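K.L.:
Attaching a single structure in structure tokens format; questions to follow.
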Amino acid sequence: MVKDMDGFYFEAGFPGLLTSKHAPLHEDEFLHIVAKNRDALMQNLLQCGALLFRGFPVQSAHDFSRFIQTLKWGEFVNYIGGDSPRDKVEHGVYTSTEAPPSVHIPLHQELSFIKNFPRHIYFFCEIPPDAHGETIIADARRVYHAFSKDFRERFQQKGLTYISRYYCRSKVMALLNRWQRSHKSWIEVFETEDKNEVEKKCVTNDFAWQWLKRNWIEIKQTRPALHIHPVTHESVWFNQAHLYDFNPRLLGFKRYIGAQIFYRKKTRLHDILFGDQSFVPREDIYHILDVLNENTVAFPWMRGDVLVLDNILAMHGRAIFRGKRRILTALTA
């Protein structure tokens, strides 16, 4: 049931749309309305999975951070363990991704491959793209039901083992990233240069790890492929198997050939296995990509938009784009 809110017009949907009932607001007035409606906003988020705040006075990373802190839906989470190329803007706030504009980023839940994943993810549009560049979304409940029962049960029974490999310092990798940011170092992934701290963070997050030649690290974690929301008790598709398989559909044919030539097995960024260490069939990966495409929702960004997602109920990704684009993001748990 949609919860009434004082100060907001609310249009249920995916995402649910919030606009102001009043004349243009000052930032403090907006934050006062947010605080007053905190519980109702949460109930509507649990129903919709995604909320879009449009036309409010959020103009900077600092404004964005204050909005999140006003919601009080958890503490900021650093992007530890994540490998998408991004820059830290201020405490808890990052660029959404620095992947090249021509790269389509498929739908996923943020850090769904780790034990301590964030409960909520937030996006703020500082500079809308000239064309396309939507932060695409999907309802993970609908995605779950779009797969056959047999397909879901096979993934549920086996689970998934995610494998990632990161370098320390490398002139070759630095050259690659100057050409196209794609492969982070473990210093960036764990936000430390101390190997002991890396190992502590691996323990905290249930990562198995081993140090490889030339100071590379390989980390593994076996996680469920499905999840049940702790509040709504709804089942959702909750994994990133399709992002850990390097294939022509994910990378594009030219990038796929380049990756095959450039990487050896022990330096490839990602691999994905079932929990029993058997390979995930490529046809399964392609079927997942097909289902995600069929359930994709896109809306054009407007400057100042803030999108809030329940990171279990809603998936997100990024469409290709042209021109400048600056979308900031933050995580809470």
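The values are calculated or read from the model by the stated rules, or taken from the named source; none is laboratory data. Given the structure is predicted, the values throughout are model-derived calculations rather than measurements. For neighbour counting, all protein chains shown are included, and Cβ atoms are generated from backbone atoms with ideal geometry for every residue, glycine included. Side chains included, ligands, DNA and RNA excluded: accessible areas come from the protein's heavy atoms. Shrake-Rupley method; radii C 1.70, N 1.55, O 1.52, S 1.80 Å.
K.L.:
Among the numbered conditions (1) over 25 Å from residue 329 (Cα atoms); (2) touching a strand residue (DSSP E or B) at 6+ places or on another chain (Cβ under 9 Å); (3) touching a residue at least 60 places away in the same chain (Cβ under 8 Å); (4) surrounded by fewer than 20 Cβ atoms within 10 Å (Cβ to Cβ), tell me where residue 169 comes up short.
P.N.:
Evaluating residue 169 over (1) over 25 Å from residue 329 (Cα atoms); (2) touching a strand residue (DSSP E or B) at 6+ places or on another chain (Cβ under 9 Å); (3) touching a residue at least 60 places away in the same chain (Cβ under 8 Å); (4) surrounded by fewer than 20 Cβ atoms within 10 Å (Cβ to Cβ) leaves (3) as the failure.
K.L.:
What are the residues in region 44-57 that are outside any helix (DSSP H, G or I), out of contact with any helix residue (DSSP H, G or I) (no Cβ under 6 Å at 6 or more places or on another chain) and open to solvent by less than 30 Å² (accessible area, probe 1.4 Å), if any?
P.N.:
Residues satisfying the conditions are 49, 50, 52, 53.
K.L.:
Does residue 28 qualify as being open to solvent by 60 Å² or more (accessible area, probe 1.4 Å) and at pLDDT 90 or above?
P.N.:
For residue 28, the condition - open to solvent by 60 Å² or more (accessible area, probe 1.4 Å) and at pLDDT 90 or above - is met.
K.L.:
Does region 82-113 hold any residues that are basic (Lys, Arg) and either open to solvent by 50 Å² or more (accessible area, probe 1.4 Å) or modelled with pLDDT of 90 or more (or both), and which are they?
P.N.:
If the condition is that a residue be basic (Lys, Arg) and either open to solvent by 50 Å² or more (accessible area, probe 1.4 Å) or modelled with pLDDT of 90 or more (or both), then 88 is the only one that fits.
K.L.:
Please count how many residues of region 291-308 are in contact with a helix residue (DSSP H, G or I) (Cβ under 8 Å, 6 or more places away or on another chain) and surrounded by 12 or more Cβ atoms within 10 Å (Cβ to Cβ).
P.N.:
Residues that pass the stated criteria total 5.
K.L.:
Let me ask something additional. Quick one: residue 288 ticks every box in (1) open to solvent by less than 60 Å² (accessible area, probe 1.4 Å); (2) modelled with pLDDT of 95 or more; (3) out of contact with any strand residue (DSSP E or B) (no Cβ under 7 Å at 6 or more places or on another chain); (4) more than 28 Å from residue 123 (Cα to Cα) except a single one, so which number is it?
P.N.:
Answer for residue 288: the failing condition is (4).
K.L.:
A further question follows. Which one of 9, 79 is among the hydroxyl-bearing types (Ser, Thr, Tyr) and open to solvent by 60 Å² or more (accessible area, probe 1.4 Å)?
P.N.:
The conditions single out 9.
K.L.:
Another question about this same structure. Considering (1) open to solvent by less than 40 Å² (accessible area, probe 1.4 Å); (2) within 23 Å of residue 317 (Cα to Cα), say which one residue 274 fails and leave the rest.
P.N.:
(2)
K.L.:
Check whether at least one residue in region 192-199 is open to solvent by 30 Å² or more (accessible area, probe 1.4 Å) and under 27 Å from residue 288 (Cα atoms), and report yes or no.
P.N.:
Checking region 192-199: not a single residue is open to solvent by 30 Å² or more (accessible area, probe 1.4 Å) and under 27 Å from residue 288 (Cα atoms).
K.L.:
Same structure again: Somewhere in region 227-238, is a residue over 19 Å from the mean Cα position of the chain (by Cα), among the hydrophobic types (A, V, I, L, M, F, W, C) and either modelled with pLDDT of 95 or more or open to solvent by less than 40 Å² (accessible area, probe 1.4 Å) (or both)?
P.N.:
Checked against the condition, which is being over 19 Å from the mean Cα position of the chain (by Cα), among the hydrophobic types (A, V, I, L, M, F, W, C) and either modelled with pLDDT of 95 or more or open to solvent by less than 40 Å² (accessible area, probe 1.4 Å) (or both), region 227-238 yields at least one hit.
K.L.:
Looking at region 65-73, can you tell me whether even one residue there is β-branched (Val, Ile, Thr), out of contact with any helix residue (DSSP H, G or I) (no Cβ under 7 Å at 6 or more places or on another chain) and open to solvent by 40 Å² or more (accessible area, probe 1.4 Å)?
P.N.:
Scanning region 65-73 turns up no residue that is β-branched (Val, Ile, Thr), out of contact with any helix residue (DSSP H, G or I) (no Cβ under 7 Å at 6 or more places or on another chain) and open to solvent by 40 Å² or more (accessible area, probe 1.4 Å).
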